[in-house]
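The values are calculated or read from the model by the stated rules, or taken from the named source; none is laboratory data. If you're wondering where the values come from, they're calculated on a predicted model, not measured in any experiment. Using ideal geometry, Cβ is built from the backbone for each residue, glycine included, and neighbour counts are taken over all protein chains shown. Heavy atoms of the whole protein, side chains included, go into the accessibility calculation; ligands, DNA and RNA do not. Shrake-Rupley method; radii C 1.70, N 1.55, O 1.52, S 1.80 Å.
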Amino acid sequence: MDEGLSNAVTEVFVRLFEEDLIYKGSRLVNWDPKLQTAISDIEVLSEEENGFLWHLRYPIAGTNDFLVVATTRPETMLGDSAVAVNPNDERYKQLIGKTVALPLCDREIPIIADDYVDMEFGTGCVKITPAHDFNDYEVGKRHQLEEINILEKDGTISSLAPKNFVGLDRFDARKKVVEAFESLDLLEKIEDHKLKVPRAERTGVVVEPFLTEQWYVAVEKLAKPAIDAVKNGDIEFVPKQYENMYFSWMNDIQDWCISRQLWWGHRIPAWYDENGKIFVGRNEQEVRKKNNIASDVQLRQDEDVLDTWFSSALWTFSTQGWPEQTENLKVFHPTNVLVTGFDIIFFWVARMIMMSLKFTGEIPFHKVYMHGLVRDSENQKMSKSKGNVLDPIDIIDGISLDALVEKRTANMMQPRLAEKIEKQTRKQFPEGIEAYGTDALRFTFYSLASTGRDIQFNLERTAGYRNFCNKLWNAARYVFMNTEGKNNGVNETQLTLGIADQWILNELDQCIGKFESAINAFRFDHAAQTLYDFVWNEYCDWYLELSKPTLNADENSEAAIATRNTLLTVLESILRLAHPMIPFITEEIWQKAKTLILDEQASNSIMLAPFPEFKNLESKNAQESIEWIKGIIVAVRNIRGEMNISPAKTLAIYLHNGSAEDKQRLEAHENYLKGLAKLENISWLNKGDDIPQSAVQLVGNMEVLVPMKGLIDKDEEIDRLSKKIAKLDIEIKKISGKLGNEKFVSNAPEDVVAKEKEKLESFQTSCDKLKEQLEAIKNL
């Protein structure tokens, strides 16, 4: 609604009108009887509901016979203009061209032949109401049928219907029509019938196809260049399959209804004189001057406003100052990528392409990345009518239950729906929504953004990514604690990197390469996972731990200086890599990191810092050595877990069946093993040595042995594990019995059955692990 954009909207309207590409005409539109306005297809929610199919008898004029037509909207028969049959239907061929006496209406309508009629559906006879059905409207045009609008704007019956129906609400009229048919013995039967009912998104009322005068854009001429732009590859859809959806609509495009009967929007720049003659111009002064209209002639501006999609279609160039040829327009048009949902390919994407080609001679963008729709944790589409919509701000800042209920139900036009949504909200969020922060929410959406697929949103995922942000924050605290006020080797050209330093720099480089490839392929989910795995698993869980033995040994050593430099280098690179996804926490940490690792010429904001570059580093020795170290540490930790040995307990371990290379690695990296696995001693067992009673894990072909003498009471541990297994066995039998009961499975809600299955699987997994531990201890 800014002045510049409003000028652009007016300019486009006037130019299209002057080229006869905008006109005013009477056609069918989606009509909301409550708001009394035309609405776009995207504002119509069609959901399956239980209804009826009424079979009505229409007497054939001059005979005692009749045709039976079936309808889900009996009241619309008051506006019927014909009955249609398929031209190939042998049952009715002889009736084509004859007429039926339309009950209740005192008029006759023709029996026509049209391929639109499905011979296999119902009786093969279809009532045609051109003013109240989109398909019938097309049939009516083909056969020049009368368009009888039997509805007023508020959904009551109009004066074009028989007198005793005039003024009735459409649903009251339906009852009265059915009663009248029954009293005349013209009601064949009524069947239960499931049907898609179109309801207005805002008001929830049933939408009517309504014949009314509106403004239209004749889009056929605009569509051809837009089709060619995608066909010849100037514009590419990602994933490519969405091009088919684009072409199917563009190749069968209908004129676009652009007027709305609302209070807010861009008012249509058209004026009428007292005779109803239309004048279009940029303002009233221009209209008078161009058409020589005297100042004493009264003009009235059209009260309608433009469809929001009309101004949105101009977005890529109107925002850059068009129709002026601004510097911004030269620099930023066309843009590289449009990111949007597939449900508005027709409403927005296609129209932007058409309008941009028409008014700038350029495509608006080179690529269109289509993301899925956001669904709730139960895979239901989010919608106000379901009450499952989540406001991102509420997830970011948190919101109490009462405030959430009030927000979701405020200004609702349907009290029953408001009551339903309140109930659902209190059940879904009994304690409201806690604050997760912007970065956690952003990272959640990146991690779920698989190309073209709908996103099944779950707050548990957001909680997990909040933990990721906290992990990064705590990692930065550790780094700063060990580097502030110390020699970090910033100005040293040659640092003596340890094996862990070499390894993490190599892992960082691989992460940058994978991240960049994923972004280039629009696989934001893969990019997010790559970043997550590197930060959490490699940097935080391993490298920070591997740094401790070096930093604790001698903080002034070359090794410690190199490690501090590596800690900062990798952290600063992570921040630049992660910034597009989690901008706030990365900016905050980077402001501190840059003072410790970067020179004084560093940018004021991480946004202006260069993106990390993939260097294709390779350090096979470092990779293999760290994997060897990790293997032994994990083996010892596994034994601790299986044997219930405290992590604080210092252990002595043996290595057996090792190669010469294993022995060299132990000599080089013993400090890492002792520090991270909490070991007091590591010894080799040679051939012929007595092997003590030990828990054993393999690292390649090498055995890692932890002697059990003095660490556990074997009998006590067997008893403890046996009791745990017995308890789990009872739970497993109980749930298995429940799931084996057909009555329970058939009658219980799906989510309850699913939860029981999850519990069973979890108990079974735990039980199997405990049995493995029990066997291991028995074999000691």
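Here is how the numbers come out for the structure above:
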{"item": "Alpha-carbon spread of segment 506-630, three principal axes, descending order, Å", "result": "43, 35, 22"}
{"item": "Cα gyration tensor shape for segment 612-750, rounded if a/c is under 1.5, else prolate or oblate", "result": "oblate"}
{"item": "Solvent-accessible surface ranking, highest first, for PHE13, PHE445, PHE121 at 1.4 angstrom", "result": "PHE121, PHE445, PHE13"}
{"item": "Solvent-accessible heavy-atom area per residue, rounded to whole Å², over segment 22-121 at 1.4 Å", "result": "45"}
{"item": "Mean separation of Cα contacts under 8 Å (6+ apart) over length of segment 432-559, as relative contact order %", "result": "33"}
{"item": "Solvent exposure, largest accessible area first (probe 1.4 Å, DNA, RNA and ligands not counted), of TRP264, TRP542", "result": "TRP264, TRP542"}
{"item": "For segment 552-562, 3J(HN,Hα) per residue [Karplus equation, 6.51 cos²θ - 1.76 cosθ + 1.60, θ = phi - 60°, Hz, x = Gly/Pro]", "result": "7, 6, 7, 5, 9, 6, 4, 5, 5, 4, 5"}
{"item": "The chain - share of DSSP beta bridges that are antiparallel (%, nearest 5)", "result": "75"}
{"item": "Lysine pairs with alpha-carbon atoms under 27 Å apart, segment 565-653, spacing 8 or more or separate chains", "result": "5"}
{"item": "For the chain, calculated [θ]222 nm from helices alone, where every DSSP H run of n ≥ 4 adds -39500 (n - 2.57)", "result": "-14000 deg cm²/dmol"}
{"item": "³J(HN,Hα) computed for each position of segment 232-237 - Karplus, 6.51 cos²θ - 1.76 cosθ + 1.60, integer Hz, glycine/proline x", "result": "8, x, 5, 10, 10, 8"}
{"item": "Peptides ranked, highest mean first, by Cβ atoms within 10 Å: ranges 579-588, 491-500", "result": "579-588, 491-500"}
{"item": "Length-normalised contact order for segment 565-680 - Cα pairs under 8 Å, 6+ apart - percent", "result": "21"}
{"item": "Relative contact order (%) - criterion: Cα under 8 Å, at least six apart; region: the chain", "result": "9"}
{"item": "Dipole of the chain, positive end: most advanced residue of PRO647, THR425, VAL699 [Cβ charges, Cα centre]", "result": "PRO647"}
{"item": "Nearby lysines by direct alpha-carbon distance to LYS127 (threshold 20 angstrom, same-chain neighbours under 8 apart not counted)", "result": "LYS93, LYS98, LYS141, LYS175, LYS176, LYS189, LYS194, LYS196"}
{"item": "Segment 75-179: GluC sites (Glu not before Pro) in DSSP coil with no more than 11 other Cβ atoms inside 10 Å", "result": "GLU90, GLU120"}
{"item": "MET1 accessible area, 1.4 Å probe, all protein chains in place, Å² to nearest 10", "result": "110"}
{"item": "13 Å beta-carbon shell around GLN664, net charge (K/R +1, D/E -1)", "result": "-3"}
{"item": "The chain, dipole about Cα centre (Lys/Arg Cβ +1, Asp/Glu Cβ -1), debye to the nearest 20", "result": "1100"}
{"item": "Ordering of 167-173, 751-757 by packing [mean C-beta count within 10 Å, highest first]", "result": "167-173, 751-757"}
{"item": "Mean shadow area of segment 402-532, taken as a quarter of the surface of its Cα convex hull (nm²)", "result": "13.0"}
{"item": "Cross-link partners of LYS163 among aspartates and glutamates (Cα-Cα below 20 Å; sequence separation of 8 or more within a chain)", "result": "GLU75, ASP80, ASP106, GLU108, GLU146, GLU147, GLU152, ASP154, ASP172, GLU179, GLU182"}
{"item": "Heavy atoms of ASP65: accessible area, 1.4 Å probe, square angstrom to 10", "result": "100"}
{"item": "Most to least accessible of THR438, THR483 (protein chains only, probe 1.4 Å)", "result": "THR438, THR483"}
{"item": "Label point at GLU3 placed 7 Å out along Cα→Cβ; residues across segment 296-333 whose backbone nitrogen lies under 20 Å", "result": "318-329"}
{"item": "Two-decimal log10 I(q)/I(0) for segment 598-640, as the Debye equation yields it once each C-alpha is a single scatterer, q = 0.16, 0.22 Å⁻¹", "result": "-0.68, -0.78"}
{"item": "VAL634-ILE691 FRET efficiency (beta carbon distance; Förster radius 22 Å; 0.05 resolution)", "result": "0.50"}
{"item": "Using a Förster distance of 22 Å, the FRET efficiency for ASP541-GLU587 (Cβ separation, nearest 0.05)", "result": "0.35"}
{"item": "Given (1) 41.9; (2) 36.7; (3) 48.9, the label whose value is mean projected area of the Cα convex hull in nm² derived from this model", "result": "(3)"}
{"item": "FRET efficiency, ALA435 to LYS381 (Cβ-Cβ, R0 35 Å, nearest 0.05)", "result": "0.85"}
{"item": "Rounded accessible area of LYS231 (nearest 10 Å², 1.4 Å probe)", "result": "140"}
{"item": "Nitroxide proxy distance, nm - points 7 Å out along Cα→Cβ at ILE730 and LYS330", "result": "8.3"}
{"item": "In nm, spacing of pseudo-spin labels at LEU698 and HIS193 (7 Å Cα→C-beta vector)", "result": "6.9"}
{"item": "Proximal lysines relative to LYS727, as straight alpha-carbon distance under 26 Å, when same-chain residues fewer than 8 apart are discounted", "result": "LYS714, LYS738, LYS755, LYS757, LYS759, LYS769, LYS771, LYS778"}
